[in-house]
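Here the structure is laid out as structure tokens; the discussion comes afterwards.
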Amino acid sequence: MTTFNDDNGSQGNVFDVKALQALTVTEMDANASASGSASVTVFTKPGVYSGFENNSGAWTSILSASVTSQGRGNPTPLPVYAGVEVASGATQAFFVIVTNIRYTNG
């Protein structure tokens, strides 16, 4: 969904997945600034994230773990979690919190 050619950094990133056909999201990678241990938490909600960034009650936690970051520009696999099903035509929002996450605009 993104490149590891990062131009921004933060402690978290929110994004929407719009399913063109039914799918199940079971894993993802993150891009962290430094190698070593990093905490990761992933939340999700049906629909778009816009307007819900500060509404903790709208989000469901699907992953909370410690990972070994592969460093800036390298995919850091997040642990496999129970799948999030997204129906064809539906939108599912994700909020990924990783120590010093890196991401690309767009």
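What the table shows:
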{"quantity": "Within segment 19-66, tally of residues that are open to solvent by 50 Å² or more (accessible area, probe 1.4 Å), under 17 Å from GLY83 (Cβ atoms) and β-branched (Val, Ile, Thr)", "calculated": "3"}
{"quantity": "Condition check for GLY83: at positive phi, out of contact with any Gly (no Cβ under 9 Å at 6 or more places or on another chain) and small (Gly, Ala, Ser)", "calculated": "no"}
{"quantity": "Of all residues making up segment 35-51, the number that are closer than 22 Å to GLN70 by Cβ and modelled with pLDDT of 80 or more", "calculated": "7"}
{"quantity": "Where a residue in segment 18-29 is touching a residue at least 60 places away in the same chain (Cβ under 8 Å) and its partner, wherever it lies, is part of a loop (DSSP other than H, G, I, E, B) and open to solvent by less than 70 Å² (accessible area, probe 1.4 Å), with Cβ under 7 Å and at least six apart", "calculated": "ALA19/ALA87; ALA19/GLY89; ALA19/ALA90; ALA22/ALA87; THR24/GLY83; VAL25/GLY83; MET28/LEU78"}
{"quantity": "Test: VAL17 is assigned to a strand (DSSP E or B) and modelled with pLDDT under 95", "calculated": "no"}
{"quantity": "Qualifying residue in segment 79-94 (condition: at pLDDT below 85, among the hydrophobic types (A, V, I, L, M, F, W, C) and either exposed (fewer than 15 other Cβ atoms within 10 Å of the Cβ) or within 19 Å of GLU27 (Cβ to Cβ) (or both))", "calculated": "yes"}
{"quantity": "Segment 20-34, subset outside any strand (DSSP E or B) and at pLDDT below 95, residue farthest from ILE97 (Cα to Cα)", "calculated": "THR26"}
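The values are calculated or read from the model by the stated rules, or taken from the named source; none is laboratory data. Predicted model, so just to flag it, every value in this text is computed and none were measured. Ideal geometry is used to build each Cβ from the backbone, glycine not excepted, and the neighbour counts take in all protein chains shown. Protein only, heavy atoms only, side chains kept; ligands, DNA and RNA dropped before computing areas. Shrake-Rupley method; radii C 1.70, N 1.55, O 1.52, S 1.80 Å.
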